[in-house]
1. Treating the Cα atoms of the chain as identical point scatterers in vacuum, please give the log10 of the normalised Debye intensity I(q)/I(0) at q = 0.12 Å⁻¹, two decimals.
2. Magnitude of the Cβ-charge dipole of the stretch 168-275, K/R +1 and D/E -1, about the Cα centre, nearest 20 debye?
3. How big is Rg to Rh over the stretch 74-121, alpha-carbon atoms, Rh as the Kirkwood inverse-mean-distance radius?
4. VAL97: net charge of surrounding residues, Cβ under 11 Å, Lys/Arg +1, Asp/Glu -1, itself excluded?
5. Let me make sure I get this right: for the stretch 254-349, a, b and c are the square roots of the gyration tensor eigenvalues over alpha carbons, sorted descending. Under 1.5 in a/c it's rounded, otherwise prolate if a/b > b/c, else oblate. Which is it?
6. In the structure displayed, which of LYS169/LYS234; LYS246/LYS340; LYS134/LYS340; LYS134/LYS333; LYS168/LYS234 lie more than 29 Å apart, Cα to Cα?
7. Let me know the shape class of the stretch 285-325, please: from the alpha-carbon gyration tensor, a ≥ b ≥ c as square roots of the eigenvalues, rounded when a/c is under 1.5, otherwise prolate if a/b is greater than b/c, or oblate.
8. How large is the charge dipole for the chain, taken about the Cα centre, if only the Cβ atoms of Lys, Arg (+1) and Asp, Glu (-1) carry charge, to the nearest 20 debye?
Amino acid sequence: MRCLTLARMLEAHGARCHFICADLPGNLGQFLCQNGVSLTLLPAPRGDAAAPLDYSSWSGLTWADDAEATARELQKQPADWLVVDHYGLDAQWEAAVLRATGAKCLIIDDLANRPHLGRWLLDPGPQRTSADYKQFVPSDCDLLLGPRYALLRPEFSELRDRVLPTRKKRSLRHVLVTMGGVDLPNASSAILSCLDRLTLPEGFHVTLVLGGTAPHLENLRARAEELSFPCDIKVDVRDLHHLMAKADLAIGAAGGTAWERCVLGLPSLMLSTAENQIPAARALEQAGAAVSLGFLADGDGWVDTLAESLQRVRNPRVLAELARNSSSLCDGKGAIRVEKRMRAALETS
């Protein structure tokens, strides 16, 4: 999705963008095509699913086979820029592909755990410094670090000026729950149960956002009917920015939507659902921009933290402070900045 955002920005300024993805279960090929994207799906084995953190096996191919297949496609359609967004690829893959294409290369990463050869590297994490990548990138690599480079859809920045002034007067009435499109561990159910045990203010209501393929969707719909407060479940939404603008508080995963929430100054209680989300969640909490509930895989202790945090954010001053601190971290114009720099690099080369 962040690559699609960048592609849209590039296309708006005359570029032609093409996606190369692996044809693995759950890929977004159909979604990309519906959005008018030029796409090549590389064939991939249908073996057993890899462990969630075994990034190198996500492609279903060895890095060498994947590089060969990608280079073959790029030779058919020569490119000025190659944007690589894959936790399982590193300098070996990049060297093989770049030798065959000669394109400029932008790496998107947020792990800082492996070598790269790209001329540019983008990591939107609030905690990132150049020291984190010193051992992993060439000395002349241009590092684009921090939330100001987060690749977010323009809808969020376009709403920003209208929404931020309203945050000063909010109280806890409307909570937005976004635990990812699939929410495999069903954290949404635990959140609803926690809310149902609390004494809530008059007019309190919840909007829960899920994807249509979420395995617990029907159970959550049934659970929503039993709650002591209204709960509206929305599926496959296209207007998340408007839902964030209306909400007083978000309870969500500490992934890419964390930056969308910051753009709109939406106070957040964040649960890390993947290990690579933990550093960003901690950094956001240290900046006073969100409250970290912990790591989902560590057990159910996060539910007690959630209950305590909900009592705390009932204070309008706490909500306003979280809104002010979060909105100062990210303005939502990262894709504009990256597009300008990519275009300037071509013009001066």
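The values are calculated or read from the model by the stated rules, or taken from the named source; none is laboratory data. Remember, predicted model here, so these are calculated numbers, not experimental data. Because the Cβ atoms are built from the backbone with ideal geometry, glycine has one as well, and the counts that use them run over all protein chains shown. When the accessible area is computed, the model is the full protein with side chains, heavy atoms only, and any ligands, DNA or RNA have been set aside. Shrake-Rupley method; radii C 1.70, N 1.55, O 1.52, S 1.80 Å.
1. For the chain, the Cα-only Debye profile gives -0.92.
2. Values: 11 positive and 12 negative charges, 91 e Å.
Dipole about the Cα centre, nearest 20: 440 debye.
3. Numbers: Rg = 10.3 Å, Rh = 10.9 Å.
Rounded to two decimals, Rg/Rh equals 0.95.
4. Numbers: positive: ARG72, ARG99; negative: ASP66, GLU68, GLU73, GLU94.
Result for the neighbourhood of VAL97: -2.
5. On the way: a/c = 4.04, a/b = 1.82, b/c = 2.22.
Taking the square roots of the gyration eigenvalues as a ≥ b ≥ c, the stretch 254-349 is oblate.
6. LYS246/LYS340
7. Values: a/c = 4.69, a/b = 1.68, b/c = 2.80.
Cα axes put the stretch 285-325 in the oblate bin.
8. Numbers: 38 positive and 42 negative charges, 284 e Å.
It works out to roughly 1360 debye.
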